[in-house]
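What follows is a single structure, written as structure tokens, with notes after it.
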Amino acid sequence: MKTDTPQTIYLKDYTPPAYLVDTVDLDFSIESGGTVVTSTLAMRRNPLVSARPLVLDGEELETLDVTVDGAKVPFLASASSLTVDHLPDAFTLRTVVRIKPDGNTRLSGMYRSKDGYFTQCEAQGFRRITWFLDRPDVMSTYTVTLHADKATYPILLANGNPVANGEEANGRHWAKWADPFRKPAYLFALVAGKLDGLFDTFTTASGRTVQLAIYVEPGKLDQCPHAMAALQKSMLWDEERFGLECDLDHYMIVAVGDFNMGAMENKGLNIFNTKYVLARADVATDVDFENIDRVVAHEYFHNWTGNRVTCRDWFQLSLKEGLTVFRDQEFGADLHNRQTARIREVRGLRAAQFPEDAGPMAHPIRPASFVEINNFYTATVYEKGAEVIRMIQTLIGRDAFRAGMDEYFRRHDGQAVTCEDFVAAMAAASGFDFTQFMRWYNQPGTPRVAVDGHFDEETKTFTLTCTQANPRASDESPYLIPLRVALFAADGNLLPGSERLLQLTATTQSFVFENIAVEPVPSLLRDFSAPVYLDFDYTPEQLTVLLAHESDPFNAWEAGQRLATQLILDAAAAIAAGQEPVWPASFVDAARKLLQTQAGVGNFGGAAFVAEALTLPGETTLAELMSVVDPDALHAARNGLRRHLAEQLEGEFSGLYAGLTVNEPYAPSSEQAGRRALRNLCLAYLLELDTLSVRQLALQQFKTADNMTDQFAALAALANVNAADCPQREQALADFYAKWKNEALVVDKWLQAQSTSRRPDTLATVKALTAHPAFDIGNPNKIYALIRAFGANLVRFNAADGSGYAFIADQIIVLHDRNPQVASRLARCFDRWTKFDAGRQAHARRALERVRDHAGLSRDVLEVVTRALGAA
Ligand code: B3K
Ligand code: ZN
């Protein structure tokens with residue numbers, strides 16, 4: 001195969017479609033030699049566009065027939081388009097194609113997985129099923145008929161409502177579905193397979209009954225109740241918070257083990273990665289349970305934000321994704337623990353989105369161009385996009401935001417629209433001027449806000465001077481940045497009246513607080529009110545005050561993270577210079593206080609908060625703060641601090657470990673999950689001491705745990721033990737695999753515990769595991785667990801000898817054609833290669849060039865690798 005010269009597509013080139021499709025009728029005949037797809041489209045010329053030929057999209061289609069109004073017509077077919085000219089203003093286009101789902105390894109379009117056939121059409125998979133105008137601004141109503149062998153594929157599903165079914169000759173059967181809602185092709189879905197179903201109902205606020213179903217591989221029904229409950233909770237929450245009712249008669253979720261990403265919001269027929277459906281206490285962790293709540297909600301919420309109102313073009317992706325992530329974050333916060341939810345969101349943003357925004361793939365939440373749209377389902381579009389929506393709510397308030405949502409649906413229900421349309425609805429409902437705010441949609445890069453505090457004893461004023469900059473932006477105009485602040489007295493009291501929402505609108509701007517008697521401690525960017533880096537020259541004493549007294553949980557946590565960050569970065573510099581790091585007693589004292597307040601004495605008490613506060617910032621996040629990353633020194637520094645805390649606080653950790661046992665039966669409640677999180681954090685700290693008794697304690701927990709959270713925490717902690725000789729580690733790994741080798745998702749955990757291990761031999765282990773029966777190169781979850789997770793293992797992936805780079809490059813080459821989307825995600829492991837020393841850069845460059853020069857490289861990987869090499 002020859003590499004096509006990749007074409008860049010620009011937002012500025014958008015033009016409306018030349019033709020519209022009013023109705024789509026699809027007939028799928030699923031046979032062993034392939035699937036024959038007959039498509040009948042009622043089409044007409046778009047009256048707003050001047051006459052031109054019809055150009056349909058297609059990919060890997062074997063065209064058997066093309067007729068217009070029943071007559072054969074001349075057409076021009078290439079590998080990716082079918083052109084028909086001299087068409088009447090309105091006509092019926094019928095095409096017949098054969099596709100080969102069994103050979104579809106890309107998992108885009110229609111493909112086979114263990115239990116049957118599934119589809120994934122977003123962004124451009126529908127063209128791999130039939131010739132079509134595969135763009136989101138072409139919306140149609142669909143009817144779909146499926147024919148297949150009844151014994152092998154007893155379940156036949158498509159979007160909408162079942163309208164008829166029957167038997168056919170040769171043991172075959174058929175089913176017909178009709179979706180009454182107009183939708184773009186990317187929301188099309190079908191499933192044909194042997195599946196078990198869990199059924200329930202939901203009654204909407206207006207009294208309509210919606211039939212709910214979750215379909216999973218046979219034998220897994222006992223892992224579905226949590227997802228069903230999550231769906232029902234989401235439906236209720238969206239009515240209560242946004243007044244949005246489910247419009248469907250049938251809402252189905254189908255879980256499939258082979259899936260490129262998390263889940264897909266196809267109208268009325270969501271298709272999910274099993275990872276976000278299946279859960280039972282003994283196989284899923286607290287985090288898995290919570291993620292399932294969030295992802296089920298996310299896909300359900302898309303039914304309004306994405307499906308009823310969709311995107312005009314793929315540049316507008318954040319219109320639906322940023323907004324829907326914001327909605328699922330809010331749902332998760334209401335359902336679980338709002339304090340720790342916000343902390344985790346920011347932790348995730350800093351670990352993934354900030355590096356992305358500083359690297360070669362940096363893009364605005366609404367990109368201006370792309371080569372392959374699948375490369376833009378990113379942390380920026382999703383998570384930074386959600387932060388942008390959150391800022392809108394922060395600026396106008398919750399009530400106006402709700403009014404803005406109402407206005408958005410009033411104006412645009414049934415339409416394919418742009419980010420401007422969304423913001424215009426918010427502006428109309430609130431009267432707020434968002435002109436300057438739009439910069440958040442159009443610029444890449446994380447802005448930095450440097451704040452300086454000046455106390456004037458004479459005038460009793462405290463002045464905050466804020467200076468913003470974003471070197472990645474195309475020009476120097478300032479952003480509109482909402483900055484939540486408060487002032488604290490040195491004894492930790494909040495100064496009355498000092499809580500303010502500042503609006504930064506100029507490059508440098510000062511804000512004066514009056515009647516301030518003594519120099520206060522400013523708490524800045526409370527609740528992380530904007531996705532920026534906030535610089536303030538805090539003293540450790542000031543941060544200790546905030547950690548102990550801040551009433552905003554995010555900023556209390558943030559104060560602890562700032563303290564730890566400074567210590568680790570100083571220690572890394574010392575280690576790099578051949579010196580011993582020094583750990584001040586004040587940090588240990590602050591940590592001790594936190595451990596003592598876990599019973600609820602401190603502001604946020606809760607074990608969950610303490611667990612977050614005592615989790616040191618991750619290596620990837622810290623690396624962003626270094627000008628040249630020394631991954632070994634950073635790793636040694638961070639673990640040095642962990643060990644120091646373990647030595648100094650051994651008594652506290654042991655005491656808490658014993659005291660935090662959960663005595664009730666397992667439930668994935670935030671209360672229990674918080675206790676487990678802190679208890680397992682204590683275990684992991686204690687294991688830094690690597691004594692025989694702690695190893696045995698970990699092994700004991702591993703063996704006796706009645707839930708996966710505790711069992712896996714013990715396994716992961718043991719897998720991290722550096723000592724060459726650790727029989728407890730070997731036993732836990734062997735027992736875990738023996739016990740769970742038939743539970744695919746648990747095997748993923750086993751792979752990940754090893755690929756993320758800090759052990760020096762991790763690369764050798766990962767390489768060996770690629771040949772283990774547990775691994776399967778055709779399954780994205782396995783690749784993510786073993787290979788991509790290794791690529792995110794900062795110290796091992798960035799080994800000085802380049803072995804980590806060479807390994808990932810090999811894997812990209814193995815995968816690039818088989819599954820370009822997954823291969824391209826692996827290529828993103830190289831995003832930060834220019835932040836390392838010259839020796840590492842030389843190795844990384846060689847690895848990247850080797851991938852780039854591979855003949856026939858897929859467009860997805862080529863875009864990522866070219867941008868990475870262009871960054872040097
Ligand atoms: N909309 C899908 C993502 C599709 C990704 C295509 N490469 C899932 C979601 O965001 O809900
Ligand atoms: Zn989404």
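The values are calculated or read from the model by the stated rules, or taken from the named source; none is laboratory data. These numbers come from a predicted model, not from an experiment. Here Cβ is always computed from backbone atoms with ideal geometry, including for glycine, and neighbour counts include all displayed protein chains. Each accessible area value is taken on the protein alone, full model and side chains, heavy atoms only, with ligands, DNA and RNA left out. Shrake-Rupley method; radii C 1.70, N 1.55, O 1.52, S 1.80 Å.
Of the trypsin sites (Lys or Arg not before Pro) in the stretch 347-427, not one is in a loop by DSSP (not H, G, I, E or B) with at most 10 other beta carbons within 10 Å.
Using a cut-off of 32 Å between Cα atoms, the listed pairs LYS233/LYS767; LYS194/LYS233; LYS194/LYS384; LYS320/LYS593; LYS267/LYS739; LYS176/LYS220 include LYS233/LYS767; LYS194/LYS384; LYS320/LYS593; LYS267/LYS739 as exceeding that distance. Using the Cα centre of the stretch 448-530 as origin and beta-carbon charges of +1 (Lys, Arg) and -1 (Asp, Glu), tell me which of LEU487, VAL512, ASN470 is placed farthest towards the positive end of the dipole. Comparing the listed Cα positions along the dipole, ASN470 ranks first.
Under the convention that each Lys and Arg Cβ holds +1 and each Asp and Glu Cβ holds -1, the size of the dipole of the stretch 310-442 around its Cα centre is about 300 debye. Expressed as a whole percent, the accessible surface of the stretch 192-280 that belongs to carbon and sulfur atoms is 51, based on a 1.4 Å probe. In percent, rounded to a whole number, the relative contact order of the chain is 9, using alpha-carbon pairs under 8 Å and six or more apart.
Need one number: convex hull volume per residue for the stretch 616-742, Cα atoms only, in Å³. Provide the component values of the computation, followed by the final result.
Details: hull volume 17.8 nm³, N = 127.
It is 140 Å³ per residue.
The alpha carbon centroids of the stretch 104-126 and the stretch 774-808 are separated by 25 Å.
Legend: Rg and Dmax of the chain, from Cα coordinates, 27.8, 95 Å. A 1.4 Å probe run over the chain, with the rest of the protein chains in place, finds 37 Å² accessible per residue.
Candidates ASN337, GLY802, GLN561 compared by Cα position along the dipole of the chain: farthest toward the positive end lies GLY802, with charges placed on Cβ. Taking the square roots of 5 times each eigenvalue of the Cα gyration tensor of the stretch 310-442, largest first, gives ellipsoid semi-axes of 22, 20, 13 Å. Relative to the longest principal axis of the Cα atoms of the chain, the long axis of helix 540-549 makes an angle of roughly 70 degrees. Where only DSSP H runs of four or more residues are counted, the chain gives -12000 deg cm²/dmol as its mean residue ellipticity at 222 nm, each run worth -39500 (n - 2.57).
Surface composition of the stretch 631-684: carbon and sulfur atoms hold 50% of the protein heavy-atom accessible area at a 1.4 Å probe. For ARG484, the residues 5 or more places off, or on other chains, whose built amide H falls under 5 Å of its own are LEU502, LEU525, ARG526, SER529. To the nearest 10 degrees, how steeply does helix 744-755 sit against the main Cα axis of the chain, on a 0 to 90 scale? Long axis of 744-755 versus the principal axis of the chain: about 40 degrees. Distance from the Cα centroid of the stretch 1-73 to that of the stretch 602-673 is 54 Å (rounded to whole angstrom). Rounded to the nearest 10 degrees, the inclination of helix 708-719 to the longest alpha-carbon principal axis of the chain is 70 degrees. How would the stretch 426-542 be classified by its alpha-carbon gyration tensor: rounded, prolate or oblate, with rounded meaning a/c under 1.5 and the a/b versus b/c comparison settling the rest? Because a/c hits 1.5 or more and a/b exceeds b/c, the stretch 426-542 counts as prolate. For the stretch 741-872, rounded, prolate or oblate, judged on the Cα gyration tensor with a ≥ b ≥ c (square roots of eigenvalues), a/c < 1.5 rounded, else prolate if a/b > b/c? Because a/c hits 1.5 or more and a/b fails to exceed b/c, the stretch 741-872 counts as oblate.
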